[in-house]
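The values are calculated or read from the model by the stated rules, or taken from the named source; none is laboratory data. A quick note: this is a predicted structure, and the numbers were derived from the prediction, not measured. Here the Cβ positions follow ideal geometry from the backbone for every residue, glycine too, while neighbour counts run over all protein chains shown. These area figures cover heavy atoms from the full protein model, side chains too; ligands, DNA and RNA do not enter into them. Shrake-Rupley method; radii C 1.70, N 1.55, O 1.52, S 1.80 Å.
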Amino acid sequence: MKRTHVYSNTVAVLLIAGGICSVLVMWSSQRSLVPATNLLSGQARAMTYDETKPTISGIPVALTLPTIDTKVAVKRGVYNASSRSWTISSDTAYYAAVSEPANNQGGTTLIYGHNRETVFAKLADLKTGDAADVTTDNKRVFHYVLSGSATVTPDDTRIAINPEGLPRLVLQTCTGIFWEKRQLYIFELERVD
């Protein structure tokens, strides 16, 4: 699946957008995460996809993270150029409409949200191998496995907004003493039901 996206300077604003709160990352000493450099090169990927198979895709409407007992609704998030802000609320996660929909062929699906009990407060408790399930508008469930995490500057969109490569899910929130960085959790597609 190839889609042509028209990117502008507003894409980087997703990572700069105020209001996406922080997650303080504390990882278990028993499992370590794959460095982001390996994720960019695809080294963390064990599974490959056959592009000759029919594409299965859908717009995310719900996200479940079973190991941290988190289930949130997902709405479409858009950038408002006049207010220079992204769609955000305290009780919902958002699918960044500039990213790929959940699919079995390629590209990154980005879901972002606040570090609130009702959204992404428990992300820091995730460990490599933990599951994330994305339910789409057409009732498909995309099952992903956490492969790594990265802390990036707001202008670094290489992981979060990437229409190329194998299918991935990225969950994003803010981090840092002054919420000046973005914490990304990178998941690899395992299967689609």
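Can you find a residue in the range 133-147 that is acidic (Asp, Glu) and outside any loop (DSSP other than H, G, I, E, B)? Scanning the range 133-147 turns up at least one residue that is acidic (Asp, Glu) and outside any loop (DSSP other than H, G, I, E, B).
Residues that are under 19 Å from Ala73 (Cα atoms), buried (at least 22 other Cβ atoms within 10 Å of the Cβ), under 13 Å from the mean Cα position of the chain (by Cα) and not hydrophobic (A, V, I, L, M, F, W, C) within the range 115-154 comprise just one, Tyr144. Residue check: Glu190 meets all listed conditions (1) open to solvent by less than 80 Å² (accessible area, probe 1.4 Å); (2) not in a loop (DSSP other than H, G, I, E, B) but one, namely (1).
Within the range 64-101, the only residue that satisfies the criterion of being polar (S, T, N, Q), in contact (Cβ under 8 Å) with a residue 60 or more places away in the chain and open to solvent by less than 30 Å² (accessible area, probe 1.4 Å) is Ser99.
Within the set Ala93, Ala62, Ala36, Ala102, the sole residue that is within 16 Å of Gln172 (Cα to Cα), out of contact with any Cys (no Cβ under 9 Å at 6 or more places or on another chain) and at pLDDT below 90 turns out to be Ala36.
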